[in-house]
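Engineer: The structure under discussion is supplied below as structure tokens; questions concerning it will follow.
The values are calculated or read from the model by the stated rules, or taken from the named source; none is laboratory data. Model, not experiment: these values are computed from the prediction. Neighbour counts run over all protein chains shown; Cβ positions are idealised from the backbone, glycine included. The protein model used for the area step is the full one, side chains on, heavy atoms only, and it has no ligands, DNA or RNA in it. Shrake-Rupley method; radii C 1.70, N 1.55, O 1.52, S 1.80 Å.
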Amino acid sequence: MSRLKSVQLGSNCGLQVSELCLGTMNYGIPGRGHQGDWTLGVSEARPIFEAAIERGLYYVDCADIYGVGAAEEVVGQLLRELLPREQYVLTTKISIPMGRNPNEGGLSRKHVMEGIDASLRRLGLDYVDQLIIHRHPHGVPRGAPTPITETLEALHDVVQAGKALYLGASSMFAWQFAELQLTAEMRGWTKFVSMQNHYNLIYREEEREMNPYCISTGVALTPWSPLARGILAGSYQGGIGAGTTDRSQGQDRDRTESLYRGERDFDIAARVSEVADRLDVRPAQVALAWLVNKAEITAPVVGVSKISQLDQLVEATTIELSADDTAYLEELYQPVENLLSIGTS
């Protein structure tokens, strides 16, 4: 059985994390939240968490919006049950609206303070290792365009209060992230040490600006959706309408269609399967290996619903793709519209 290595979360902090991060969108209360038709409850999630720990996966990513709070409840319960606090690294995210009240989302000082407190209550913890802003202060659905100084000062105060040890950010334009970082530096506030962006073989727009910016400034890259919501794992068998999993056949399929619009998406996925067949591994392993083979990637965020899937992804970290394989996988990519510009990512 393979075991994951520990890696440093970028060069701007001393935090060590496992080389894969366990995403937790699919844990919570079945039927609750936009992913409710493929959610696993606490009893189903427990063996997966136990297996993750056994394989050296101790870096866990959550968000308040997952299951509208339910994921945090399940994740907190399982981590408290299975490990001493010092033996795991937990992130959670805030900003996406949790209700219809105007102040139940966004990155105003009010919601930052209330949001972290609510997350800690659901998790049953005194602090999270990292608090991630799920989107830029001006990129939150239905949110007011909060001044970035208000958000940054509130986040700094959260760190100063010991409720989060580090800060991270998620999908936004590179210029927005640079503005946040430089403003925090000028004001003497806490800067972000990681970027959780959208990056995989069929969505590579982040290679233009965000990835190079993070590389040059020592920010860890922890991309989400490394398997493109199952497309690169073969879950759609060549077309969005041919889903073979609960997730690909359920209401979450609309989200997949909104994210992946490239004309060559399924041609690239076919090449992933072709390389996998030649290497005698699974397509998901090749897609993930493509990411972890890149020196600039710290820890992709992976989601699993079965221990067998976890084992495959852990094993993928040991696969070394040749330069020819990498070039073959990347060859068909054509630029697509940046999803941030159309508001779906």
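Engineer: So if I place +1 on the C-beta of Lys and Arg and -1 on the C-beta of Asp and Glu, and nothing else carries charge, what would the dipole magnitude of the chain be about its Cα centre? I want it in debye, nearest 20.
Structural biologist: 740 debye
Engineer: Next question, about the same structure. Can you tell me the relative contact order of segment 97-185? Whole percent, Cα pairs under 8 Å, sequence separation 6 or more.
Structural biologist: 33 percent.
Engineer: More than 15 Å apart: what percent of Cα pairs in segment 75-150 qualify?
Structural biologist: Distances greater than 15 Å cover 55 percent of the Cα pairs.
Engineer: Over the chain, what is the relative contact order in whole percent, taking alpha-carbon pairs under 8 Å and six or more residues apart?
Structural biologist: On the way: 669 pairs, mean separation 60.9, N = 345.
Answer for the chain is 18 percent.
Engineer: Which longest run of the chain has no exposed loop site in it, a site being GluC sites (Glu not before Pro) in a DSSP loop with at most 11 other beta carbons within 10 Å, and the site itself not part of the run?
Structural biologist: Formally, the longest exposed-site-free interval is 1-262.
Engineer: Given the pairs 163/191; 93/306; 163/306; 110/191; 93/163; 5/191, which span a C-alpha to C-alpha distance of over 22 angstrom in this model?
Structural biologist: Beyond 22 Å between Cα atoms: 93/306; 163/306; 5/191.
Engineer: Report the one residue of 183, 198, 215 whose Cα lies farthest in the direction of the positive end of the charge dipole of the chain (charges on C-beta: Lys and Arg +1, Asp and Glu -1; origin at the Cα centre).
Structural biologist: Sorting the options by dipole projection puts first 183.
Engineer: Let a ≥ b ≥ c be the square roots of the eigenvalues of the Cα gyration tensor of the chain; is it rounded (a/c under 1.5), or, if not, prolate (a/b larger than b/c) or oblate?
Structural biologist: rounded
Engineer: While we're on this one: For residue 144 and residue 330, calculate 0.36 nm times their separation in residues minus their Cα-Cα distance, and state this gained length in nm to one decimal. Don't skip to the answer; put the middle values down first.
Structural biologist: On the way: separation 186, 0.36 × 186 = 66.96 nm, distance 3.88 nm.
Fully extending the segment from residue 144 to residue 330 adds 63.1 nm.
Engineer: Pull up the DSSP beta bridges for the chain and report the antiparallel fraction as a percent, rounded to 5.
Structural biologist: About 15 percent, rounded to the nearest 5.
Engineer: In the chain, carbon and sulfur make up what percent of the accessible area (probe 1.4 Å)?
Structural biologist: 47 percent
Engineer: Subtract the Cα-Cα distance of residue 54 and residue 173 from 0.36 nm times their separation in residues, and report this length gain in nm to one decimal.
Structural biologist: 39.1 nm
Engineer: Any chance you could check the Cα centroid distance between segment 119-153 and segment 299-326 for me, in angstrom?
Structural biologist: Taking the Cα centre of each part, segment 119-153 and segment 299-326 sit 30 Å apart.
Engineer: Using 0.36 nm per residue, how much length does the chain from residue 43 to residue 157 gain when fully extended, once their Cα-Cα distance is taken away? List each step's numbers first, then the result.
Structural biologist: Numbers: separation 114, 0.36 × 114 = 41.04 nm, distance 3.63 nm.
Extra length from residue 43 to residue 157 when fully extended: 37.4 nm.
Engineer: Let me ask you something else. Over the chain, give the accessible area per residue in Å² for a 1.4 Å probe, as an integer.
Structural biologist: 41 Å²
Engineer: Another question about this same structure. With a 1.4 Å probe and every protein chain left in place, tell me how much accessible area residue 53 has, in Å² to the nearest 10.
Structural biologist: 50 Å²
Engineer: Something else about it: Going 7 Å from the Cα of residue 207 toward and past its Cβ, which residues in segment 309-345 have a backbone nitrogen under 12 Å from where you end up?
Structural biologist: 326-336
Engineer: A further question on this structure: To test your reading of the geometry: what angle, between 0 and 90 degrees and rounded to tens, separates the Cα axis of helix 265-279 from the longest principal axis of the chain?
Structural biologist: For 265-279 against the chain, the angle is about 60 degrees.
Engineer: Turning to a different aspect of this structure: So for segment 63-211, averaging the separation of alpha carbon pairs under 8 Å that are six or more residues apart and normalising by length, what relative contact order in percent results?
Structural biologist: 20 percent
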